[in-house]
Amino acid sequence: MNLQHVNIKIYVEGEPGIDAGRFIGVFHDWVREQEFDELLIDVADYRHVPDGPGVVLVGLEADYGMDNAGGRWGLLYNRKAELGGDNAARLGQAFGSAARACRMLEARFEGDGGGAGGDDGLRFSRTEFELFINDRALAPNTAETLAACGPELESFIRDALGQTDFALKHHDDPRERFSVTVTTAGPIDLDALPVG
């Protein structure tokens with residue numbers, strides 16, 4: 001199966017320690033600085049939508065967002081443009097891009113002290129993320145899709161992320177995009193994959 005339009009959502013640990021509106025300014029800085037491999041264009045504020053897309057950094061090839069879908073905050077990387085290479089390379093590109101954005105946000109808000117209960121800044125999970133294929137025609141949300149791509153997903157988690165003890169949970173609602181939540185026993189090194 002040729003996986004394209006890979007999305008990765010790396011969850012925030014607990015609740016964000018900062019107001020979600022502050023991501024608007026950070027994302028505008030990223031548009032101005034153009035430090036990413038993708039062309040970044042604009043910022044959209046969807047915080048008014050309950051359990052919705054939050055704050056989205058719109059790009060040509062990919063979008064980045066602080067997403068609250070499902071009532072859980074996380075950094076969502078949404079690859080829109082097709083990529084060459086094999087599935088492992090495309091999974092690595094998406095995870096590497098998401099991980100880089102997470103590290104940049106953590107650094108930006110490190111020691112911020114604006115969190116409830118004395119929590120500092122923002123911390124992303126090293127043990128849980130969600131992977132989507134944002135193409136229902138290519139990857140319908142079925143057991144057959146899981147059977148076709150599951151071994152490659154497991155290989156990616158073992159080989160690229162260095163995890164041997166993990167659980168992969170398929171969300172099988174046919175009305176939703178194909179997605180799996182990955183939970184690992186040990187921490188994932190968010191510096192492990194190159195971006196690009």
Inset, instruction - Find the residue count for the range 178-191, including only residues that are buried (at least 19 other Cβ atoms within 10 Å of the Cβ) and hydroxyl-bearing (Ser, Thr, Tyr). - result: 2
Inset, instruction - Look through the range 143-177, keep the residues that are in contact (Cβ under 8 Å) with a residue 40 or more places away in the chain and either charged (D, E, K, R) or over 23 Å from ALA101 (Cα atoms) (or both), and return whichever of them is surrounded by the most Cβ atoms within 10 Å (Cβ to Cβ). - result: CYS149
Inset, instruction - List the number of the failed condition for THR164; all other conditions in (1) more than 20 Å from GLU13 (Cβ to Cβ); (2) out of contact with any Lys or Arg (no Cβ under 8 Å at 6 or more places or on another chain) hold. - result: (2)
Legend entry - Elements of type strands (runs of 3 or more DSSP E) contained in the range 76-192, each with 1 or more residues being among the hydrophobic types (A, V, I, L, M, F, W, C) and within 14 Å of the chain's Cα centre (by Cα): 124-133, 178-184
Inset, instruction - Return a yes/no flag: does the range 161-175 have any residue that is farther than 23 Å from PRO194 by Cβ and among the β-branched types (Val, Ile, Thr). - result: no
Inset, instruction - State all residues of the range 1-55 that are hydrophobic (A, V, I, L, M, F, W, C), closer than 21 Å to ASP191 by Cα and modelled with pLDDT under 95; if no residue qualifies, say none. - result: PHE36
Inset, instruction - For the range 38-50, state whether one or more residues are in contact (Cβ under 8 Å) with a residue 60 or more places away in the chain and either assigned to a loop (DSSP other than H, G, I, E, B) or more than 30 Å from LEU153 (Cβ to Cβ) (or both). - result: no
Inset, instruction - Please enumerate the residues belonging to the range 61-75 that are more than 11 Å from the chain's Cα centre (by Cα) and either crowded, with 17+ Cβ neighbours inside 10 Å or in a helix (DSSP H, G or I) (or both). - result: ALA62, ASN68, ALA69, GLY70, GLY71
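The values are calculated or read from the model by the stated rules, or taken from the named source; none is laboratory data. Quick caveat: nothing in here was measured; it's all calculated off a predicted structure. Here the Cβ is made from the backbone with ideal geometry for all residues, glycine too, and neighbour counts use every protein chain on show.
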